[in-house]
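To start, the structure itself, in structure tokens.
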């Protein structure tokens, strides 16, 4: 590597690890929690049959925010926060976890951070579109429809669905094993620490179940060639139509609510 390349890398590291980016990352994590609270509220409305057609996913959460007083200003603040999280996760993927001695673990953690960087970049883009007045589309359904039209599209979408299902299972396992605690400097107060751990456990398990349902529906969408059946909103509505579905949906909604609360703890105590 040339001297200029090394200097550019050092500058990139300093920028990604700067105080403004770290503060923005904490704001972004808290904003992520807020969107989960809104998704949980929408899911409860679906369970009780009182929803007004609002989407029970991130897009719906952003639309709800945009309809509030100063909602678009708040959305642009969320864009900055999500972008900061994406940048912070990107530097973790490139240079992070030097303290890990085991190479396999380090590679896994860096790959996970890279995936989360993509997720928050997409969230930033969705929030920006909504703030600009262009957030009414069904993102995942549109993407699925586009891929299905490609040669071998059904196989691609089916493989993605299986990947999403595996992600859901890993998320559930992470919640049960409390893997999330490794990335946190938990509070010394016993009660606060217990609340953070319990909301994290319940939240990760419930979110993993929801992700798993989405994965199953994406596979079904590939088999049936029906992209409108993919996505979190479709997953929750499909669950509500099943026997005992509303009761299960309430349980999942409360779990997603717990994950949203956990995100506020994570915003405060995550090792940024």
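Bear in mind these aren't lab numbers, they're just calculated from the coordinates by the rules spelled out. Treat the numbers as computed from the prediction; the structure is a model and nothing was measured. Heads up, the Cβs are rebuilt from the backbone with ideal geometry, glycines too, and the neighbour counts pull from every protein chain shown.
Ordering 244, 48, 264 from the fewest to the most neighbouring beta carbons within 10 Å gives 244, 48, 264. Taking the fewest neighbouring Cβ atoms within 10 Å as the starting point, the ordered list for 207, 22 is 22, 207.
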